[in-house]
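> One structure is given below, represented as C-alpha cells, and several questions about it will come after.
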C-alpha cells in the first residue's frame, strides 16, 4: 500500500486518507459494540469538535486516529473507568464560532455528552467555552488558544493540555534577569491568515511583564510581509535597544534576522530573542500517509487519558461525571507519565507545567541550535546547561544592553563640555605666555646691544686680574684627582671651584660609618690614593703638600679623588706660631714641622709620610684621629713629632692581630724618621698588590668580580633548588594522580574548581572475595593485610592496560569505572568487560602467601547507566560516584556466582552490539529492588 500511495495523484491521495480514517472509525465502532454486548458497561459520550478541512494542522483527518486510539486504550483497560466506557461524537465546525456553539448545544441536549474536546480554533473556543463554563461541562483544549482563555475565573471548567502563553513570558523574563539586561525592545507581527499562529495573543502576553520589570524602549508591531517596513523598523529598533525580542512566525522571523545581518547588527553588540509558541504551518499536505498525522495529535491523545484519570476519581467518590469544576479540582497537582506529549503535570492553578530551553544559534562546523539555558517550570528558576560554555560571543563577552555613552550620546555630553572648556581656557593662557616670552627675548636683546655699544667695553680693573703661575692645573686630569674648574676672587667670597664629590671626604666616611669598613674598601681606597699621588709626583707639580683625610674626597662611585694640591701662591699658606691648628698638622712630616715661619709647600717624601698616617687610619678603622690613644694634647703631640723625646719616635700603635704583617711593615717604612728610607708610590702600589693579589685596584672592579662569583654560585643554587622542586612536584603529582583521575588532578593543580558532572552512560565494576570472612577468622591481621596488598597490587597492574579508573577499595570490595571523567563513547562496557575477563584469568593462578594450598575465587558484577561524579572533601579528597547505577552494580556483584561475571541487560545490550563477547542469559532473579531484571553471565 505504501508503494502505491507514492505513485498516486494528490486527488487519489486525499481519497486514500479519507478511506483509512473511515476504516478506523468503523473499527472503533466494532470494538465498542463488542464490549457493549458483553458485560453491558455504562457508556459516557464525549464531544469532539475540529474542522474536517485538511488545510488546518488540526483537521479531523489528521487528528481522528489519536481520539480513537485513546478511547480504545481507556475502554480496553478496566483500571481506568471500571464498568464505564467512552465513545465520542464528532462534528465538523469548519472554524465557525456560530456552528461550533450550535453543535455543542446539540451534543449536550441530544447526545448528553459528559465532556467536550475542542473546538480547535480560537474564535470558537472563546464562545463555546463560555457556555461550557456556564453549564459546568469540562472542556479540554489541546491547541494553543488566545490569552483570554487563561482567565480561570471566567473559563473555570476549561482544562488546557497545552502550556499557557504566559509561560513564554516567564521564561523570557528569567533569561533577561540571568544576563542582567534591563533595556529591551520588541519587534514583530504576523500574517492575517492562519489564525492559529497569529502572534497577537503572544505579543500581549509578553509585552505586559516586560513593561512591568524592564525598561521597554520600543514595541514595534507591523505587517512583516512588507520588505520596506522591515528595513525601516529594523533601522529604528537598532537605535533604541541592544537586546531585541522578535515575536513572529518562523518565515517572518527569518526575514527580520536576514535584514539585521544586512545592516551589520550581527557584530556582537546586539542580541535577538526569537519567541514562538508551538507554531505549526498548515499550508502543506505531506505526500505520505505517515506525515499527515498532526503534531497536535499527541496532545489530543493525552487529553483523553487525562480526562479518564480525573473521571476515575470523580466516579470513585460517586460524584457527577459531568461536573467540570470538580473534575478540574481533581486534576490539580497531578502527574501523568509515559504520555505521548511527555510528562503531564498540572500545578495548583490547573495549568500544565512544561520545562523550557533557550537555544543559541552556533556556527561551529554546521549551523545548529544548541540548548544553553534550562527553565524549570516547578521552581521557576533558570540555570545554564553543559553547553553554556560553548557560546561564542563575537566580542568575548555578552553585550551590554545599552552603549557606554547611551543611545543618543547623552552619557558623554559632560566629557565634550569639559573638552570645550579646556580648549577655551588653554588658548588664552598660551597666548599670554607667548607674549611674555617675546617680551623677555626683546628685553635681553636690547641689553646685549647696549653693552656692545658701550665705548668703555675694553677697560679692565687691575683688581679683577689674578696672576696664576701654574698653568698646568687645568691639565691635571686623572680619575683619582678632582677636576679643577677655576677660582673666585671677589672678596669676601674667595674660593676654588672643583669637581663635586657626593660622599664628602675620607674623614667624613671614617666618622660616619656605623660598621667597620670591609678589607676590600680599605685596599681600594689605598689604591686610589697611591694612584693619584703617583700621578702628581710624575707631573710638574712633583708633590701634593697637603695630603690628609679631609683632602681625600669620595665621589658617588666610592672612588677617592685627591684635592688641595697646587696653587700655592693663591693660597699663601704659611705655618705661623700664632694660634696654629695643631690637629690639622698630624699628617705633616716631622721634617716639615721643624720649618717654622717659612712657606710649607711639602715634598714627595713628606707625601709618603702623610699617606702612611692615612693608611693607618684606614686599616685600624680609626674614627678619632691617629693619636687618640695617647691621651696627649694636640700641641704636645706636635712637639714630640718635631723633637722626639729621648730618641723615641711618636707614631700610631701597630697590632699583628688587627692588621696584616705586610701592611704593618709597609707603614713602618713609610713613616720612617729618615725621609730617604721612605719608598716611592710606585713601590708602595706593588707592595699593596703583593699583599692582596686577588683584589682589584678599583672598588667597582672588586664588586663586579664578587657579583660575578655570586651570580655563578646563585645559578648553581637555583638549578639545584629547581631540580629538587621539580622532583618534589613530580612526586606530588604522582601522589595526587593516584588519588584522583589525571584530568581532575590537573584541574585542581591549575587552581580551578571542579564542579560535579553528570554522565549519561558509564559502566561500573564491583568485585569481592568469596569466603573472605572465613579466611579472616583463621588468619592474623598482618596476614590479611599482606594478602589484600598482593591481590590489589595485581589488580592495579591489570587496570593500567585499560581505559578505566579505580574508584576505591573497601575491605575486600574492588570498584572500577569506565567512561569518566573523560567519556569514551560505548567503549566503557567493552573496556570493563575485557578487564573483568583478565581479572578471572589472573585470579586462577594467584596464590595466597600464608595459605598456598587454598584457591581463591571472586564474584564480579557489572552494570551500565548514568551517574553523577565529583570531588568530595578538602582533606583527603576523593572522586566519588553517585546514582542508582552504582547501587545496581553492587547488587550485580552480591548476586553473582564465584568466578562468574554478572552483568545487567544495559551492559549486555552494548556488548551484543559490539559482537565480540559470548553471553549466557541467567534469567530473572530476585534483588533488593522493586522489579526483577533480565540478567546475563559470561565467562
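> Would you order 393, 616 from fewest to most other beta-carbon atoms within 10 Å of each residue's own beta-carbon?
Listed from fewest to most nearby Cβ atoms, that is 393, 616.
> A further question on this structure: For residue 753 and residue 319, what does the FRET efficiency come to when R0 = 45 Å and r is the distance between their Cβ atoms, rounded to the nearest 0.05?
Once rounded, the FRET efficiency stands at 0.20.
> Same structure again: Report the label-to-label distance for residue 706 and residue 135 in nanometres (one decimal), using points 7 Å from each Cα along the Cα→Cβ vector.
11.1 nm
> Could you work out how much longer the chain between residue 776 and residue 880 gets when fully extended? Use 0.36 nm per residue separation minus the Cα distance between them, nm to one decimal.
34.6 nm
> Going by C-beta contacts inside 10 Å, put 307, 710, 270 in order with the fewest on the left.
Sorted ascending by nearby Cβ count, the order is 710, 270, 307.
> Report the full-extension gain for the segment residue 717 to residue 488: residue separation times 0.36 nm, less the Cα-Cα distance, to one decimal in nm.
Using 0.36 nm per residue and subtracting the Cα-Cα distance, I get 76.6 nm.
> Taking 0.36 nm per residue of sequence separation and subtracting the Cα-Cα distance, how much length would be gained by fully extending the chain between residue 266 and residue 733, in nm to one decimal?
Full extension from residue 266 to residue 733 adds 163.6 nm.
> When a footprinting reagent is the concern and you count Cβ atoms within 10 Å, what order do 162, 744 take, fewest first?
Neighbour counts put them in this order, fewest first: 162, 744.
Any read-out appearing in this document is the output of simple, stated calculations on the displayed coordinates, not a laboratory observation. Since we're looking at a predicted model, the values are computed, not measured. Cβ: placed from backbone, ideal geometry, glycine included. Neighbour counts: every protein chain shown.
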